[in-house]
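Chemist: Handing you a structure now.
The values are calculated or read from the model by the stated rules, or taken from the named source; none is laboratory data. Here the structure is a predicted model, which means the values were calculated and not measured. Positions of Cβ are backbone-derived with ideal geometry, glycine not excepted, and every protein chain shown enters the neighbour counts. Ligands, DNA and RNA are stripped out before the accessible areas are found, and what is left, the full protein with its side chains, is counted by its heavy atoms. Shrake-Rupley method; radii C 1.70, N 1.55, O 1.52, S 1.80 Å.
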Number of protein chains: 2
Amino acid sequence: MTTRRRDDDSGRTYGGESAAERLARQRRQFMDAGLELFGTVGYRATTVRMLCKQAGLIDRYFYKNFTDTEALLDAIYRESMDDIQARVIRALGAASPAEPGAMIEAALDAFFQALENSRVARICWLEVLGVSPRIDAAYHGRIQQFAGLILTLSRTLFPRWQVPDDEAEVLAIALIGAISQSAMHWLLTDYRTPRPVLVRASARVLAGVVGLPPDAAPR
Amino acid sequence: MTTRRRDDDSGRTYGGESAAERLARQRRQFMDAGLELFGTVGYRATTVRMLCKQAGLIDRYFYKNFTDTEALLDAIYRESMDDIQARVIRALGAASPAEPGAMIEAALDAFFQALENSRVARICWLEVLGVSPRIDAAYHGRIQQFAGLILTLSRTLFPRWQVPDDEAEVLAIALIGAISQSAMHWLLTDYRTPRPVLVRASARVLAGVVGLPPDAAPR
DNA sequence: GCTATTTGACGACGCTCGCCATCAGATTGT
DNA sequence: ACAATCTGATGGCGAGCGTCGTCAAATAGC
């Protein structure tokens, strides 16, 4: 009975921070370190020691927050994709539903703008691939989530668009792939192509698939 | 002057094989072993020891043929992609240029049929990504090569298709991405979707981008 | 038949990795 | 002031890696 209560919010304040605050701060430091290292030297070339040096912490606090580097990658991937997705949805909400072309353009522009952070782009489009079954599942799930978003959006924006369900599902995946590959190519060629060109080309693919006349596409 | 001539085709015959034949056979054995292991357990989980056991050879002959596992992956990737590309081109040549829709369908069917080899598909679409700058460059170069093929094909098959060059380049990349992502999704969902559905959806994307009326698309 | 080469089996090296233990100094609650 | 806790630094442990060397058995040229 000498232990007061240690299990729930165990730990005292230190350096003006509660135990939970310290944990959260350490977690953020490792997230930032992972974003930097995974996004530059790459995931497989990054070690726990490097992450600790980058974060300015020691490995004990790494293992307090993550089981291994894979868990850190997973967390960074989810956070980054959540952020990108939020930006796209925000852009969608700000556009007028009366003009589908403008809506698509706004969403695509927000998307490619988010990708101009090369670390995020590299992690979410290159580094996560082929790491492990767990990460693959996270990636695959995210693709399908995005595809579902595109699918319902297309069905509501273009009710006259009629294709069988199984084919529509593949089409949504294909659209994701088209935009993804453009983004990847953009990243691998050091953002040489101006962003509006990317947006216009992606909009054309989208319009072509949903059967919109080319004139309805922006520009 | 005691050495006869040893540098060019040095080595004698052994087991009924010349030195060059042995080297080629060993190389093939390692290529097959790599195809099997990279395509099942994955590239990063594969070690030189595993490759040797799978090939039924010892490491000395591995290093005679490849500098490291990365070089083996590179060779396998190039060979596999060459094979896929050859199948697609063969299908294109066998189809009638008078019916662009049928040509596209034949090419896509050959492509997805080749991808039914899951080891090849996994290596070329998952394992090669994010390995190293060298492999990334090989991947990127192959994508651009394929995009160039699509671009010239589109320009010749549909001369009335008019888009600016910079946008057309992105569109070709996007088309590759659309098909790639469909293929990847197919692989990751254990080939659940029937192949014709994949072909039809991909054809629709292609037709949509080059401005073909939906009726001209197959089916 | 004798010598040189090739082959497979096996072990050892140097290195780096993830992970864990220790220990002195800093900070906190009483 | 003092005991308890937290922190950073350091080093070690076992495992896995690529790579190299050794050695007996198999094969080929003379």
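Chemist: What are the distances, in nm and sorted shortest first, from the label point of B:Ala75 to the label points of the same position in each other copy, with each label point placed 7 Å from Cα along the Cα-to-Cβ direction?
Modeler: 4.2
Chemist: Can I ask one more? Taking a ≥ b ≥ c as the square roots of the Cα gyration tensor eigenvalues, with a/c under 1.5 meaning rounded and otherwise prolate when a/b beats b/c, else oblate, which class fits the range A:94-181?
Modeler: Oblate.
Chemist: On to the next question. On a 0 to 90 degree scale, rounded to 10, what angle separates helix B:195-210 from the longest Cα axis of chain B?
Modeler: Result, in degrees: 60.
Chemist: Any idea what angle helix B:69-94 forms with the longest principal axis of chain B, computed on alpha-carbon atoms, 0 to 90 degrees, nearest 10?
Modeler: Approximately 40 degrees, to the nearest ten.
Chemist: Follow-up question, since we're still on this one. If you take the accessible area of A alone plus B alone and subtract the pair, what total do you get in square angstrom, rounded to 100, with a 1.4 Å probe?
Modeler: So the buried area, both faces added, is about 3300 Å².
Chemist: Set the Förster distance to 51 Å, then compute FRET efficiency between A:Arg28 and B:Asp32 from the Cβ-Cβ distance, nearest 0.05.
Modeler: Using R0 = 51 Å, I get an efficiency of 0.60.
Chemist: Around A:Met103, what is the net charge, scoring Lys/Arg as +1 and Asp/Glu as -1 over all other residues with Cβ under 14 Å from its Cβ?
Modeler: Value of the local net charge: -2.
Chemist: Once label points are set 7 Å from the Cα along Cα→Cβ at both A:Ser118 and A:Ala20, what is their separation, rounded to one decimal in nm?
Modeler: With each label point 7 Å from Cα toward Cβ, the separation is 4.0 nm.
Chemist: Using each residue's phi in the range A:44-57, evaluate 6.51 cos²θ - 1.76 cosθ + 1.60 at θ = phi - 60° and report the 3J(HN,Hα) Karplus result to the nearest Hz, with x for Gly and Pro.
Modeler: 5, 8, 9, 10, 4, 4, 5, 4, 5, 4, 5, 7, x, 10
Chemist: Got the relative contact order for chain B handy, in percent, Cα pairs under 8 Å and 6 or more residues apart?
Modeler: So the answer I get is 18 percent.
Chemist: Quick one: net charge of B:Leu35's neighbours, Cβ under 14 Å, K/R +1, D/E -1?
Modeler: -2
Chemist: Would you calculate the separation in nanometres between label points at B:Arg60 and B:Arg12, each defined as 7 Å from the Cα along the Cα-to-beta-carbon direction?
Modeler: 1.6
Chemist: Using only Cα atoms, tell me the angle between helix B:19-38 and the longest principal axis of chain B; keep it within 0 to 90° and round to the nearest 10.
Modeler: Tilt of helix B:19-38: around 50 degrees.
Chemist: If we count every other residue with Cβ under 14 angstrom of B:Gln85's Cβ, Lys/Arg +1 and Asp/Glu -1, where does the sum land?
Modeler: So the environment of B:Gln85 carries a net charge of +1.
Chemist: Let me ask another. R0 = 22 Å: FRET efficiency of A:Asp82 with A:Ser132, Cβ-based, nearest 0.05?
Modeler: Calculated value: 0.60.
Chemist: For chain B, the longest stretch holding no chymotrypsin sites (Phe, Trp or Tyr not before Pro) located in a DSSP loop with at most 15 other Cβ atoms within 10 Å is which?
Modeler: With a cap of 15 other Cβ atoms within 10 Å, the longest stretch comes to B:1-160.
Chemist: Can you run phi through the Karplus equation (6.51, -1.76, 1.60; θ = phi - 60°) for the range B:156-166 and list ³J(HN,Hα) in whole Hz, with x for Gly and Pro?
Modeler: Computed from phi, the couplings for the range B:156-166 are 7, 6, 10, x, 7, 7, 10, 9, x, 4, 5 Hz.
Chemist: Quick one: if you stick a label point 7 Å off each Cα along the C-beta vector at A:Arg49 and A:Arg160, how many nm between them?
Modeler: 6.5
Chemist: If I compute solvent accessible area with a 1.4 Å probe over the protein chains, what percent of it on the range B:54-110 is carbon and sulfur?
Modeler: That share works out to 50 percent.
Chemist: Can you bin the protein assembly as shown into rounded, prolate or oblate? Criterion: square roots of the alpha carbon gyration tensor eigenvalues sorted a ≥ b ≥ c, rounded for a/c under 1.5, prolate for a/b above b/c, oblate for the rest.
Modeler: oblate
Chemist: Which whole-number value in Å² is the accessible area per residue of the protein assembly as shown, probe 1.4 Å?
Modeler: 51
Chemist: To confirm my reading of the symmetry, which residue of chain A has the Cβ nearest the axis that brings A onto B, and what whole-Å distance does it have?
Modeler: Taking Cβ atoms only, the nearest residue and its distance are A:Gly208, 1.
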